[in-house]
1. Anything in the range 225-247 that is outside any helix (DSSP H, G or I), within 16 Å of the ligand (Cβ to nearest atom) and among the hydrophobic types (A, V, I, L, M, F, W, C)? List them, or say none.
2. Can you pull out every residue in the range 199-219 that is aliphatic (A, V, I, L, M) and modelled with pLDDT of 90 or more?
3. Restricting attention to the range 248-257, does a residue exist that is surrounded by fewer than 24 Cβ atoms within 10 Å (Cβ to Cβ), within 15 Å of the ligand (Cβ to nearest atom), on the phi < 0 side of the Ramachandran plot and in contact (Cβ under 8 Å) with a residue 12 or more places away in the chain?
4. Checking Pro277 against (1) within 23 Å of Thr395 (Cα to Cα); (2) more than 22 Å from the chain's Cα centre (by Cα); (3) not charged (D, E, K, R), only one condition comes out false. Which one?
5. Looking at the range 338-346, is at least one residue without any contact (Cβ under 8 Å) to a residue 60 or more places away in the chain, more than 30 Å from Phe276 (Cα to Cα), assigned to a helix (DSSP H, G or I) and out of contact with any Asp or Glu (no Cβ under 8 Å at 6 or more places or on another chain)?
6. Quick one: which residue in Ala80, Ala101 is in contact with a helix residue (DSSP H, G or I) (Cβ under 9 Å, 6 or more places away or on another chain) and over 17 Å from Thr419 (Cβ atoms)?
7. Would you check if there is a residue in the range 434-455 being crowded, with 17+ Cβ neighbours inside 10 Å, under 21 Å from Cys239 (Cα atoms), of a type in the set (Val, Ile, Thr) and at pLDDT below 95?
8. Looking only at the range 309-364, which residues are small (Gly, Ala, Ser) and either in contact with a Pro (Cβ under 9 Å, 6 or more places away or on another chain) or within 13 Å of the ligand (Cβ to nearest atom) (or both)?
Amino acid sequence: MAAPVEHEKWSSRLTFILAAVGSAVGLGNVWKFPYTAGMNGGGAFVLIYVLCILAVGLPILIAELTLGKRGQMSPPNSMARLAREEGRHKSWQTVGWIGVAAGFLILSFYSVIGGWALAYIPKLISGSIISTDPGVVTAQFDALLADPWELLIWHSLFMGLTVFVISRGIHAGIEQAVNVLMPSLFFLLVALVIYAAIAGDFARAWSFLFSFDFAKIDGSVVLSAMGQAFFSISVGLGCMMTYGAYLPAQANIPRSAAVIVTADSIVALLAGLAIFPIVFANGLDPSSGAGLVFVTLPLAFAGVPGGEIFGTLFFILIAFAAITSSISLLEPVVSWAEEHKGVKRSLSAILAGALSWAIGLLTVLSFNVWGDFHPLSMIERFREATLFDLIDYLTSNIMLPVGGFAMAIFASWMLSKATTRAELDLPPALYKAWLLLARFVAPAAVFLILIFSVSE
Ligand code: PHE
């Protein structure tokens with residue numbers, strides 16, 4: 001067992017909240033949520049998504065933060081330590097390892113998509129991608145995806161930035177950056193929603209997102225909604241456990257978790273309300289997939305005076321929102337390396353970043369050279385899935401829910417009630433509610449959704 005290493009702690013409750021919200025709010029909200037909702041028929045998906053956030057995501061987030069705050073270390077070592085303290089089997093440590101693996105995989109494609117946002121910045125400054133003609137914007141976006149070298153450059157830059165921030169440690173830079181950037185993103189998003197409401201087809205977007213057509217619900221919609229919920233609040237793989245480990249003893253976990261979840265959901269819904277009015281007003285296809293945001297926003301900005309400036313600003317903020325998430329994906333393994341080997345932060349950040357960067361090549365190639373490579377085409381559901389689609393599916397829809405399931409079980413059954421009661425410090429009724437959700441409701445939901453959608 002490693003000698004316990006004292007990690008840096010957050011400088012205040014607020015900086016923890018900002019960092020955790022920074023982790024949660026990212027490409028999942030502004031890029032993935034709109035297009036996944038679009039591909040899954042809109043309202044029914046949104047309803048299940050919200051239910052999953054409240055009944056499954058929130059109790060698991062509370063569980064995960066508790067494990068971190070109590071364990072004080074990286075996920076594998078926190079799990080090992082708690083298992084030992086509570087007299088549980090040491091194989092619980094595996095949960096931490098699965099999380100670290102999922103982190104590598106998610107970061108690998110996250111960095112590629114974050115790279116798209118970076119690539120858009122010069123294109124918006126020069127105005128080359130801003131047009132009122134959907135055909136022009138789509139062609140520009142397709143040209144970006146078709147060029148593996150261009151994708152590679154931006155992927156490398158994004159990963160480089162992530163590694164840079166992580167190697168500087170917890171306090172230096174990121175806390176202040178998040179402080180300014182998260183509120184700016186929020187205000188620009190609200191401005192964009194207002195613009196979309198005036199210039200786009202807001203009524204249609206509203207009914208697309210919020211009218212629940214239950215006929216559209218099937219196993220795969222429910223699984224996607226659950227996967228998206230886990231992905232969006234960064235739960236189930238140990239990022240939040242790691243951030244929780246840097247909390248001071250007096251921090252209030254349930255309240256923080258509620259803030260994180262609320263902020264995250266509001267940003268996702270706002271992104272939907274900013275994007276779909278423009279989709280419908282321009283006759284675009286809401287189910288067109290991963291390019292949705294990258295095509296609709298340049299169209300929107302073409303209609304605004306000063307569109308180049310707003311557009312540039314907006315993609316800078318998206319890139320920053322993505323970086324405040326990607327760093328949380330790299331932190332768990334770096335924090336583990338610090339504990340175990342006493343390896344220097346910068347070295348482990350570079351090594352881990354390089355590994356994830358290399359895995360990211362699979363995603364880069366999925367959009368061009370390997371675009372027609374569908375490794376699991378013999379399975380109906382994956383008939384047209386590229387490597388990127390498969391990595392995304394495996395992480396969001398399987399690994400995160402399974403990781404979250406295990407964390408909920410561990411926190412609510414394996415830790416003593418005295419421990420969780422003291423850590424959560426909730427009024428008795430709310431403590432009971434959490435226990436009920438974490439012990440039964442959330443694990444049962446994950447289990448049933450997984451079984452049901454796999455057997456479908
Ligand atoms: N929550 C982030 C987003 O929505 C992505 C993420 C997933 C970050 C898992 C950390 C862990 O973009």
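1. First pass over the range 225-247, keeping only residues outside any helix (DSSP H, G or I): 233-238, 246-247.
Those left that are additionally within 16 Å of the ligand (Cβ to nearest atom): 233-238, 246.
Across the range 225-247, the qualifying residues are Ile233, Val235, Leu237.
2. First, pick out the residues of the range 199-219 that are aliphatic (A, V, I, L, M): 199, 203, 205, 209, 215, 217.
The answer is Ala203, Ala205, Leu209.
3. Scanning the range 248-257 turns up no residue that is surrounded by fewer than 24 Cβ atoms within 10 Å (Cβ to Cβ), within 15 Å of the ligand (Cβ to nearest atom), on the phi < 0 side of the Ramachandran plot and in contact (Cβ under 8 Å) with a residue 12 or more places away in the chain.
4. Every condition holds for Pro277 apart from (1).
5. Yes: one or more hits.
6. Working: Ala80 fails: over 17 Å from Thr419 (Cβ atoms).
Selected residue: Ala101, the only one of Ala80, Ala101 that is in contact with a helix residue (DSSP H, G or I) (Cβ under 9 Å, 6 or more places away or on another chain) and over 17 Å from Thr419 (Cβ atoms).
7. Scanning the range 434-455 turns up at least one residue that is crowded, with 17+ Cβ neighbours inside 10 Å, under 21 Å from Cys239 (Cα atoms), of a type in the set (Val, Ile, Thr) and at pLDDT below 95.
8. In the first step, residues of the range 309-364 are kept if they are small (Gly, Ala, Ser); the result is 311, 319, 321-322, 325-326, 328, 335, 337, 342, 346, 348-349, 352-354, 356, 358, 360.
Gly311, Ala319, Ala321, Ala322, Ser325, Ser326, Ser328, Ser335, Ser356 - these are the residues of the range 309-364 that are small (Gly, Ala, Ser) and either in contact with a Pro (Cβ under 9 Å, 6 or more places away or on another chain) or within 13 Å of the ligand (Cβ to nearest atom) (or both).
The values are calculated or read from the model by the stated rules, or taken from the named source; none is laboratory data. Quick caveat, the model's predicted, so the values are computed rather than measured. Positions of Cβ are generated from backbone atoms using ideal geometry, with glycine treated the same way; all protein chains shown enter the neighbour counts.
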